[in-house]
Amino acid sequence: MTDRPVFWKTTEKNIYYRIEALEAVCDRVIEELPWPGNIPTLSFIFSSSGPDEYAALHRNISGRYGARLVYFAEKEKLITPKCADTAANIRIKKAGSLDEVRQLYLSTVLQVFNEEFPGELPDSRMKFSENVARNYLSSEKSLCLAQGERVSGLVTVVGIKDYLERPVDCVNWVWLDKSLGLPERIAAQCLIVKWLKQIVAQRVNCYIDSFNFRSQRFFRRIGFVPLCLNIERKS
Ligand SMILES: CC(C)(COP(=O)(O)OP(=O)(O)OC[C@H]1O[C@@H](n2cnc3c(N)ncnc32)[C@H](O)[C@@H]1OP(=O)(O)O)[C@@H](O)C(=O)NCCC(=O)NCCS
């Protein structure tokens, strides 16, 4: 490994480079690399992400690019927050029909994108989520949480392949109601990690936008580590 990017491979949608540290990726590095116009995503596989990937990305990569991190964890290395998971009246709500899951997924995605990150995401992302809802979600790999009768959390997992073409379970959405207090959040995280340990096969990943600080912190807290950065040109 080196702090200069080293070409690894090209696929239909990605061109991959290896680099020592996430910190070394910046606009200049991106601009100097061969990145054919017909390949939408420039990917950097790195071995060190430093202590604060959010700060590194904001320091080094301008608004001209969309940046998403891919985090990974081994099932055994997932960290369950210490708490009594019966605390705070947070419980697993029996997932209803798949349509209910789809509806909750799409309404929370839309709400978060419009209210928390207005203008950050292209319209294509919502279309992507609609496609995921229609074709990939399943009741078995969806977890609904409730506080009393109020739905207060959702986690969905889909099976995909990683950049080594290995099967991996991808946490493609996690949402916790904004109004939850800290004991409820910790209880929810506890239920989420226990559930993930039950349903994932071995490795698990997730894709998190560079601006989604809370989500980055959430996945770090439960044992995920960023290993890949995907860059897209904003049109
Ligand atoms: C991503 C998400 C599920 C993480 O939830 P979370 O782990 O409870 O973390 P949050 O940052 O929302 O928590 C709010 C506060 O509780 C604190 N907190 C949460 N869990 C904690 C824990 N286990 N220990 C100590 N503090 C904790 C956080 O530090 C934060 O405090 P702050 O506001 O002073 O920084 C939640 O932020 C969310 O629903 N976001 C919108 C949906 C989204 O973007 N999903 C990601 C796409 S996959």
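For a quick check of your reading of the model, give me the residue pairs whose first member lies in segment 99-117 and is in contact (Cβ under 8 Å) with a residue 40 or more places away in the chain, whose second is of a type in the set (Val, Ile, Thr), with beta-carbon atoms closer than 6 Å and at least 6 apart or on different chains.
Tyr105/Thr156
To keep it simple, each residue is scored yes or no on (1) of a type in the set (Ser, Thr, Tyr); (2) modelled with pLDDT under 95.
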| site | (1), (2) |
| --- | --- |
| Thr41 | yes, no |
| Tyr65 | yes, no |
| Val70 | no, no |
| Lys77 | no, no |
| Cys83 | no, yes |
| Gly96 | no, yes |
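Pick out the one residue from Arg125, Arg134 that is over 21 Å from Asp177 (Cβ atoms), away from the ligand (no atom under 12 Å from the Cβ) and either part of a helix (DSSP H, G or I) or not charged (D, E, K, R) (or both).
Numbers: Arg125 fails: away from the ligand (no atom under 12 Å from the Cβ).
After applying the criteria, what remains is Arg134.
Within segment 63-77, how many residues are under 10 Å from Phe224 (Cα atoms), among the acidic types (Asp, Glu) and not in a strand (DSSP E or B)?
Number of matching residues: 0.
If you scan segment 209-235, which residues turn out to be in a loop (DSSP other than H, G, I, E, B) and more than 13 Å from the ligand (Cβ to nearest atom)?
Across segment 209-235, the qualifying residues are Lys234, Ser235.
Among what's in segment 141-150 and is surrounded by 10 or more Cβ atoms within 10 Å (Cβ to Cβ) and of a type outside the set (A, V, I, L, M), pick the residue that is farthest from Leu180 (Cα to Cα).
Lys141
Just a yes or no: is a residue in segment 122-129 closer than 30 Å to Glu76 by Cα and surrounded by 13 or more Cβ atoms within 10 Å (Cβ to Cβ)? Walk me through how you get there before you give the answer.
Step one: of segment 122-129, the residues closer than 30 Å to Glu76 by Cα are 129.
Filter once more, so that each one left must be surrounded by 13 or more Cβ atoms within 10 Å (Cβ to Cβ): 129.
Checking segment 122-129: at least one residue is closer than 30 Å to Glu76 by Cα and surrounded by 13 or more Cβ atoms within 10 Å (Cβ to Cβ).
Take the residues in segment 180-208 that are within 12 Å of the ligand (Cβ to nearest atom) and free of Cβ contacts under 8 Å to residues at least 12 places away in the same chain, then tell me which one is surrounded by the fewest Cβ atoms within 10 Å (Cβ to Cβ).
So the residue we want is Leu182.
The values are calculated or read from the model by the stated rules, or taken from the named source; none is laboratory data. Since the model is a prediction, treat every value here as computed from it, not as a measurement. For neighbour counting, all protein chains shown are included, and Cβ atoms are generated from backbone atoms with ideal geometry for every residue, glycine included.
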